[in-house]
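Data block below; observations after.
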Amino acid sequence: MAETERGCPVGEGVRFRLLGPMTARTAAGAALALGPNQQRALLAVLLLRAGRPVPVPELCDALWGERPPARAVGTVRTYAARLRALFEPDRPARAPARILVFASGGYALRLSRPAVDIEEFERGLTDAARLRTAGAVRQAYRTRERALALWTGCPLAGLPGPHAEARRDRLTGLWLTAREAHFHDALELGLDRETPAVPALRAFAAEHPLREGAQELLMRALHRAGRTGEALAVYEATRETLALELGATPGPGLTALHRTLRSRSRPAPRPLAGACAERGAAVPFVGRDAESDLVLAVLAGAPGAVPVAVLTGMPGIGKTALAAHVAERARGLFPDGVLRAGLGAGAAAPLGRLVRALGAPEAAVPEGTEARAALYRSLLAGRRVLLLLDGARDTAGLLPLLPGTPGCAALVTSASRGLVVPGARPVEVPELDAAAALELLGAVAGARRARQDPAGLRELAARCAGLPLALHLAGRRLRLEPGLSAAELASPGGTGPLARLRAEGRAVEDGFRRRAQGLSPGALRALRATATAPDRFGPAEVAALLAAGEPEAAGAIEELVDSGLLAPGVSGRYRCHPLVRAFARHRLGPAQYSSGRS
């Protein structure tokens with residue numbers, strides 16, 4: 001049913017849906033035309049205040065935050081007038097409004113008994129928690145299932161402004177927690193034996209790899225299905241993900257479950273395989289044929305050799321995804337399996353994980369890097385294993401993990417171009433070309449978006465400038481928020497798309513920030529200077545911008561290149577990715593210069 005253009009007498013019981021694209025229908029079923037997204041955002045603020053007045057300055061903050069337009073108050077009044085005409089189309093021109101009233105310096109929406117799905121959702125979660133506490137697990141499961149069924153997409157989809165963004169984040173958090181509780185109740189009730197829960201749980205856990213509760217539930221479901229080995233592989237993959245993304249270790253719940261499952265299973269006589277493919281499967285893989293073929297040829301190597309390939313490139317360029325893709329292609333060359341380890345500040349912890357994966361019992365794992373490295377190489381002897389060593393930070397932390405047995409090979413990823421590995425073949429992972437970038441964005445955003453808005457997707461892909469993580473997150477935003485247009489997401493206003501390239505707790509700028517935190521103050525100043533440098537520049541231009549000598553500028557540039565935040569060009573020239581420029585311009589003010597190492 002199409003929305004009415006002018007509105008109609010709304011009476012009692014208007015039903016509002018905000019857990020997805022915002023819609024409203026009268027009790028008689030007539031759809032109301034709520035207007036453009038910003039007007040809907042204003043209506044959402046008023047609606048969620050349950051009839052209490054919202055001061056005009058607060059409405060301006062809710063819609064525009066710290067950068068309201070010059071005529072913000074006038075715009076709010078215009079939206080209010082349109083909404084009054086919608087809710088009371090027959091009100092005489094000078095008669096006072098009854099539904100959207102002006103009171104206490106602000107506006108209040110006083111509909112009679114509106115039904116709001118957000119309120120129903122939150123009430124359902126409260127009821128489910130009460131029932132669960134009382135021991136009524138089946139009733140809690142059904143109540144929570146009804147609450148989850150209210151969702152039709154991303155909450156407040158497409159609505160702009162800080163208020164909508166904050167509400168979205170809060171509601172998404174509630175939804176994630178509710179989904180986990182729903183899976184938990186299903187396992188407790190034994191419903192997984194009636195309807196297999198593993199595929200749904202695996203999809204949920206893959207979408208949210210940092211949520212330990214989801215990974216624990218998946219491990220429990222796999223174990224109950226007689227797939228304890230897969231459950232243990234989930235733990236190892238989660239531990240590596242937490243170390244790489246957050247620098248953290250699994251919490252006590254996940255650790256205790258892992259200990260219990262290990263005690264019930266026998267040590268594997270061969271390497272555990274499959275973790276790397278599992279991790280890479282969530283991201284569509286396009287546009288890397290040349291690099292993939294090159295790395296595969298390196299790993300095939302010569303008889304008697306121990307080939308090592310090192311993938312380098314800027315944060316978000318897709319090094320891990322490429323490594324996982326190549327590892328999957330290379331399985332036939334390494335019949336004893338593929339082992340993956342996330343690397344951190346030292347070699348001892350990943351060596352411990354690898355020797356346990358190779359079959360060493362817990363009691364046999366020695367302390368110290370040298371002793372673990374010796375055990376590691378002895379366990380690899382006579383096997384043909386591919387080691388995927390993800391996120392190498394420095395040479396000293398990597399060398400003990402490289403295999404020394406012919407027939408084995410190592411595939412290393414690192415954001416640092418300064419990594420020195422004797423005999424290794426470095427492979428720079430470049431940005432995707434325009435065609436591959438558009439293909440990736442379309443694959444993540446969905447076929448319908450690609451058909452309906454090809455021009456918008458091309459513009460957005462261009463803004464992402466060939467960075468796979470940016471394209472993936474942009475596609476996720478479009479898939480989760482049907483009311484959000486590609487052109488809006490690509491808008492160059494303010495910080496450009498940088499601030500909007502985030503989805504489900506991940507952001508493009510996170511990787512840039514982690515790399516910037518390790519820079520010296522001089523390199524940070526140079527990074528900020530690149531925001532105003534020409535497209536291609538050298539030490540002379542950076543020295544002029546810093547009012548420093550060329551040797552100092554050259555040293556800072558070298559540090560930036562090693563960090564992956566600056567790309568070497570030709571003839572001593574360098575270039576900065578557009579999104580790194582935006583990060584340097586908008587996120588690295590003078591206050592951040594002192595935050596790096598000295």
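What about Leu109, is it surrounded by 15 or more Cβ atoms within 10 Å (Cβ to Cβ), under 30 Å from Ala149 (Cβ atoms) and of a type outside the set (Asp, Glu)? In short, yes. Among residues of the stretch 451-478 that are within 16 Å of Ala507 (Cα to Cα), those with a beta-carbon under 7 Å from a residue that is β-branched (Val, Ile, Thr) and not in a helix (DSSP H, G or I) at least six positions away or on a different chain give the pairs Leu467/Ile317; Pro468/Ile317; His472/Val283. Picking from residues in the stretch 453-468 that are open to solvent by less than 30 Å² (accessible area, probe 1.4 Å) and assigned to a helix (DSSP H, G or I), the one that is farthest from Arg288 (Cα to Cα) is Gly456.
Taking the criterion of being open to solvent by less than 70 Å² (accessible area, probe 1.4 Å), at pLDDT below 85 and part of a loop (DSSP other than H, G, I, E, B), the only residue of the stretch 194-208 that qualifies is Ala197.
Suppose we keep only residues that are modelled with pLDDT of 50 or more and among the basic types (Lys, Arg) within the stretch 262-313. Which one would you say is farthest from Arg353 (Cα to Cα)? Explain how you work it out, then say what you get.
Initial filter on the stretch 262-313 (modelled with pLDDT of 50 or more): 262-265, 284-313.
Narrowing further to those that are among the basic types (Lys, Arg): 262, 264, 288.
Values: Arg262: 13, Arg264: 18, Arg288: 30 Å.
Among residues in the stretch 262-313 that are modelled with pLDDT of 50 or more and among the basic types (Lys, Arg), the one farthest from Arg353 (Cα to Cα) is Arg288.
Evaluated against (1) within 20 Å of Arg110 (Cα to Cα); (2) modelled with pLDDT of 90 or more, Ala28 falls short on exactly one condition, (2). Only residues that are open to solvent by less than 20 Å² (accessible area, probe 1.4 Å) and part of a helix (DSSP H, G or I): list them for the stretch 469-484, please. Residues satisfying the conditions are Ala470, Leu471, Leu473, Ala474, Gly475, Leu478. Can you find even one residue in the stretch 554-572 that is charged (D, E, K, R) and in contact with a Leu (Cβ under 7 Å, 6 or more places away or on another chain)? Within the stretch 554-572 (the criterion being charged (D, E, K, R) and in contact with a Leu (Cβ under 7 Å, 6 or more places away or on another chain)), the answer is yes, since at least one residue qualifies.
This table checks each residue for (1) at negative phi; (2) touching a strand residue (DSSP E or B) at 6+ places or on another chain (Cβ under 8 Å); (3) assigned to a loop (DSSP other than H, G, I, E, B).
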{"position": "Ser292", "(1), (2), (3)": "yes, no, no"}
{"position": "Leu299", "(1), (2), (3)": "yes, yes, no"}
{"position": "Ala305", "(1), (2), (3)": "yes, yes, yes"}
{"position": "Leu311", "(1), (2), (3)": "yes, yes, no"}
{"position": "Gly316", "(1), (2), (3)": "no, no, yes"}
{"position": "Ala324", "(1), (2), (3)": "yes, yes, no"}
{"position": "Ala327", "(1), (2), (3)": "yes, yes, no"}
{"position": "Gly332", "(1), (2), (3)": "yes, no, no"}
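Would it be correct to say that Ala341 is open to solvent by less than 50 Å² (accessible area, probe 1.4 Å) and of a type outside the set (Phe, Trp, Tyr)? Judged against the criteria, Ala341 is a match.
Is it the case that Ala436 is in contact (Cβ under 8 Å) with a residue 40 or more places away in the chain and among the small types (Gly, Ala, Ser)? Walk me through how you get there before you give the answer.
Details: in contact (Cβ under 8 Å) with a residue 40 or more places away in the chain: yes; among the small types (Gly, Ala, Ser): yes.
In short, yes.
Note on the stretch 357-374: among residues that are open to solvent by 40 Å² or more (accessible area, probe 1.4 Å) and in a helix (DSSP H, G or I), the one that is nearest to Arg262 (Cα to Cα) is Glu362. In summary, Leu191 fulfils each of the numbered conditions (1) open to solvent by less than 30 Å² (accessible area, probe 1.4 Å); (2) modelled with pLDDT of 80 or more; (3) under 19 Å from the mean Cα position of the chain (by Cα); (4) among the aliphatic types (A, V, I, L, M) with the single exception of condition (3). Among the residues of the stretch 545-580, those identified as surrounded by fewer than 23 Cβ atoms within 10 Å (Cβ to Cβ), touching a helix residue (DSSP H, G or I) at 6+ places or on another chain (Cβ under 9 Å) and among the aliphatic types (A, V, I, L, M) are Leu545, Leu546, Ala548, Ala554, Ala567. Taken over the stretch 549-578, the criterion of being more than 17 Å from Pro426 (Cα to Cα) and part of a helix (DSSP H, G or I) is satisfied by Glu550, Pro551, Glu552, Ala553, Ala554, Gly555, Ala556, Ile557, Glu558, Glu559, Leu560, Pro578.
Against the definition (open to solvent by less than 30 Å² (accessible area, probe 1.4 Å) and of a type in the set (Asp, Glu)), how does Glu58 come out, yes or no? No; evaluated as a whole, the condition is false for this residue.
Just one of the listed residues (Arg98, Arg91) is touching an Asp or Glu at 6+ places or on another chain (Cβ under 7 Å), closer than 21 Å to Val14 by Cβ and open to solvent by 70 Å² or more (accessible area, probe 1.4 Å), and it is Arg98. Exactly one residue out of Glu180, Glu165 is under 22 Å from Gly20 (Cα atoms), part of a helix (DSSP H, G or I) and open to solvent by 60 Å² or more (accessible area, probe 1.4 Å): that is Glu165. Which condition number in (1) surrounded by 20 or more Cβ atoms within 10 Å (Cβ to Cβ); (2) under 28 Å from Gly247 (Cβ atoms) is the one that Ala529 fails? All conditions pass for Ala529, except number (2). Here Val542 meets the list (1) surrounded by 22 or more Cβ atoms within 10 Å (Cβ to Cβ); (2) closer than 24 Å to Ser414 by Cβ; (3) modelled with pLDDT of 85 or more almost entirely, failing just condition (2). Set side by side, the residues Ala396, Ala410, Ala392 differ, and just one is of a type in the set (A, V, I, L, M, F, W, C) and closer than 30 Å to Arg476 by Cα, which is Ala392.
Being more than 14 Å from Ala582 (Cβ to Cβ) and in contact (Cβ under 8 Å) with a residue 40 or more places away in the chain narrows it down to one residue among Gly549, Gly522, Gly518, Gly511; which is it? Break it down into steps so the answer makes sense when it comes.
On the way: Gly549 fails: in contact (Cβ under 8 Å) with a residue 40 or more places away in the chain; Gly522 fails: in contact (Cβ under 8 Å) with a residue 40 or more places away in the chain; Gly511 fails: more than 14 Å from Ala582 (Cβ to Cβ).
One residue alone meets the criteria, Gly518.
The values are calculated or read from the model by the stated rules, or taken from the named source; none is laboratory data. Owing to the predicted nature of the structure, the values given are computational and were not obtained by experimental measurement. Glycine also receives a Cβ, built like all others from the backbone with ideal geometry; neighbour counts cover every protein chain displayed. Remember, those area values only see protein heavy atoms, side chains included, never the ligands or the DNA or RNA. Shrake-Rupley method; radii C 1.70, N 1.55, O 1.52, S 1.80 Å.
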